[in-house]
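The values are calculated or read from the model by the stated rules, or taken from the named source; none is laboratory data. This one's a predicted model, so the numbers in the text were calculated from it and none came from an experiment. Note that each Cβ is placed from the backbone with ideal geometry, even for glycine, and that neighbours are counted across all protein chains shown. To get the accessible areas, we keep the full protein, side chains included, count just its heavy atoms, and leave off ligands, DNA and RNA. Shrake-Rupley method; radii C 1.70, N 1.55, O 1.52, S 1.80 Å.
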Amino acid sequence: MKKSAAGTGPVIIKKYANRRLYNTETSSYITLDHLAAMTREGRDFKVVDAKSEEDITHNVLTQIIMEEEQRGQTMLPVNFLRQLIALYGDSMQAMVPGYLEASMESFRRNQQQFKSAVEGAFANSPFAEMAKRNMEIFEAATQAFKQGNPGAPGAPGAAPAAPSAAPAAEGDDVSALKAELARLQDKIEKLAK
């Protein structure tokens with residue numbers, strides 16, 4: 001978590017006995033899906049028990065993960081879960097949270113580097129603008145899919161997506177595409193080393 005509203009610290013979410021969540025910033029009741037969206041946006045929040053004022057953020061975040069896992073697109077493999085459970089009570093248990101945090105931070109950095117490398121591979125090529133538009137469309141579609149946006153491309157009632165590029169002409173365009181593909185393949189091989 002990094003962002004918060006105008007430097008005022010984390011947004012306080014109160015959880016009541018009836019399991020309802022109250023966002024003190026917006027003065028409205030919210031759901032776990034709202035908290036998941038806030039997490040994806042980088043919004044910092046703290047969930048407290050409305051009666052005891054106990055910090056229950058960890059429990060609520062775990063509950064969000066459980067709900068995401070139950071929706072069918074699991075990220076946590078069974079073997080990983082078994083290994084994690086086996087570490088409870090183990091002498092190494094205290095080291096696991098720091099290790100997992102460092103691993104996730106490394107994964108996030110690698111993900112950003114890969115994205116930058118792919119974007120850089122298309123720079124200064126005749127396909128740079130097309131690649132940029134396609135990446136924007138892909139990211140918008142991914143966000144829409146994650147949020148269940150009914151206006152997402154391909155969703156019922158959604159406007160048809162505009163074609164991303166005109167069909168390529170024969171001859172020189174095909175040769176240029178092959179050359180660009182070979183250049184990209186070389187860059188990917190260099191990144192893998």
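Roughly how many whole Å is it from the C-alpha centroid of the range 24-45 to that of the range 87-118? What the calculation gives is 24 Å, centre to centre. Shape class of the range 11-130 from the Cα gyration tensor (axes a ≥ b ≥ c, square roots of the eigenvalues): oblate, since a/c reaches 1.5 or more and a/b does not exceed b/c. For the range 56-96, the square roots a ≥ b ≥ c of the C-alpha gyration tensor eigenvalues yield an a/c of 1.5 or more together with a/b not exceeding b/c, which makes the shape oblate. Please compute the net charge surrounding Y22, taking Lys and Arg as +1 and Asp and Glu as -1 over other residues with Cβ under 14 Å from its Cβ. Around Y22, the surrounding residues sum to +3. Largest to smallest in accessible area, the residues E53, E68 fall in the order E53, E68 (1.4 Å probe, all protein chains included).
Using a 1.4 angstrom probe with every protein chain in place, what is the largest-first accessible-area order of Y29, Y22, Y88, Y16? Don't jump to the answer; show the numbers that get you there.
Values: Y29 115, Y22 55, Y88 155, Y16 85 Å².
Per-residue accessible area, sorted high to low, gives Y88, Y29, Y16, Y22.
By the gyration tensor of its Cα atoms, with a ≥ b ≥ c the square roots of the eigenvalues, what is the shape of the range 15-73: rounded for a/c under 1.5, prolate for a/b over b/c, or oblate? List each step's numbers first, then the result.
Details: a/c = 1.79, a/b = 1.41, b/c = 1.26.
Taking the square roots of the gyration eigenvalues as a ≥ b ≥ c, the range 15-73 is prolate.
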